Amino acid sequence: MGANQRIVKLNRMSSDNPGFIDGVLFGMVIGKVEMRTFDGSDRHQRSVLNFTFRDSPKDFINVAYWLPPKDLIIVSSKFSTGDVVAIHYPTVKPKSEDRVHSYTPWTPFSFELSLNEKSYVEKIEGPKAKQYEFLAYVPCRAGNDYYTLAQIVTHGEQLMKKTEGINILAGVQQVGLLKTIRTRRQRDTDYDNEEKQLLEVLLFDGETSGVWLTFWDSEQIKFAQRWIPEEHIIFSIGVRVRYDEYRKVYGLTATRQSLFTVNPDTNESAQLFESMRSIPVDDLLNVALDGAFNSLQATIVTIQELKQHLSDGENNDTFIVQCFLSHFDLDGPLNQIITKKCIFCNRSIRETNGVNECSEAECRMKLLEQMNDENLSTKESFSLNVHLTDQTGTITNVKLGDDVARKILKCSVDEFILMNDEQKTKLKWTYLLEKLRFGIQIKNSANYTKPLLRIACLFPREYLATSIDDE
């Protein structure tokens, strides 16, 4: 840095005083996207590198660095998102509103910075950098200004209309492998079938798992690849809601307007971290990985309408019903709550002449290969019938199977067996006559004399029907 170069702060700048600044700004790069190249009127190519720079918790700004492509590639390689940098000799320019919403994140300023051949960006390390490292944990929106993953699932169609994107607070469940695909563009250039890389990150929170966040930008991909599953919480700003045609669920896509804060220093982030630590991922409503029930293909119905679908002989259809449990006999006879199943075919089995053995010949052969011990061939599972009621009526004998029962009761079969009657009754009244939202499936099979009505999932309370505008 030159001896006479003064240090400048963003909050001392103004769109009323545009122009070249003979000074330097210190701060952190909180967002960066890949460079774009254009053909100029003089037939020479120009490239632009966009990044977002912050020098205090309240002050952050978009920067556009313009250079010939070869020079800008070298500049871009010298710093990344999360680095502390010094920006030398910037130019203040009013925001160009016609493109701001398409290519850059929202910032609190009415101006932006432009860099050219006279400017340069220097990565800073050591004691000077430590002064700005805390900015990595300060989100660019209020800590409570976000949608939950549950709202993505239930209100995805409405949220897709928010072209400016939405904010999300969620934990990293899994960082996928980098994929390369060939994209088709409807234009007459050499890039009609260009190859693009994408990265998918699986998100979860205290209620929901299975929501994917997709990255297409190479700089954002590099940043997301540093995220650690079950350790990092991400405050995402300006991500777009999309419908995933392949998975048949709503998901999220990062855009050039998106910013990401890892492990934000907020109360909401701390609460989410504790929640994720205390609740096993398997106990969350998984909207993408479990193909047994797809809420997007389900029809929302009343109990009366569900009865009609059942009498019409609907085949393997899925429904969503908001109701309450009017019969949930957890403190009744144990043989009406727990059943024995074959470990090979997972079918329920009955005791015959004092022996618990599957009637399937293939399973019996497998049993003979395993020391002929009947105890090795069976497992105990939840299996009980419940009644569901709403203002239109009651439907009886709805099957509540093992997977969903364990998630609802938050205990294993062995733990349930050890409970006394008082504990079972208390557990029953936790859900009895409480307003709940179930995913229901009608199953027809040659094994059943009539269609089977089963509860496929229990939606968290946040999934109870509301309008997104009311939240």
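The values are calculated or read from the model by the stated rules, or taken from the named source; none is laboratory data. None of these values were measured; they are calculated from a predicted model. Surface accessibility is based on the protein's heavy atoms, side chains included, excluding ligands, DNA and RNA. Shrake-Rupley method; radii C 1.70, N 1.55, O 1.52, S 1.80 Å.
Structure values in brief
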| item | result |
| --- | --- |
| Sequence-distant residues sharing a close amide H with I338 (under 5 Å, placed H) | S383 |
| Karplus-derived 3J(HN,Hα), 6.51/-1.76/1.60, for each residue of region 204-212, Hz, glycine and proline x | 8, 9, x, 10, 9, 10, x, 9, 9 |
| Calculated from backbone phi, Karplus (6.51, -1.76, 1.60) coupling profile of region 130-139 in Hz, x at Gly/Pro | 4, 5, 10, 5, 5, 5, 5, 10, 9, x |
| Projected area averaged over orientations for region 7-135, convex hull of C-alpha atoms, nm² | 7.9 |
| Å² of accessible area per residue within region 1-133, as computed with a 1.4 Å probe and no ligands counted | 52 |
| Under 5 Å, built H, 5+ apart or other chain: amide partners of F20 | V92 |
| Relative contact order, percent, region 1-126 [alpha-carbon distance under 8 Å, six or more residues apart] | 28 |
| Under 5 Å, built H, 5+ apart or other chain: amide partners of V8 | V24, L25, F26 |
| 10 °C / 1.306 mPa s Stokes-Einstein diffusion coefficient of region 50-116, Kirkwood radius on C-alpha pairs, µm²/s | 123 |
| Cross-link pairs beyond the 31 Å C-alpha cut-off, checked among K118/K161; K307/K341; K32/K128 | K118/K161 |
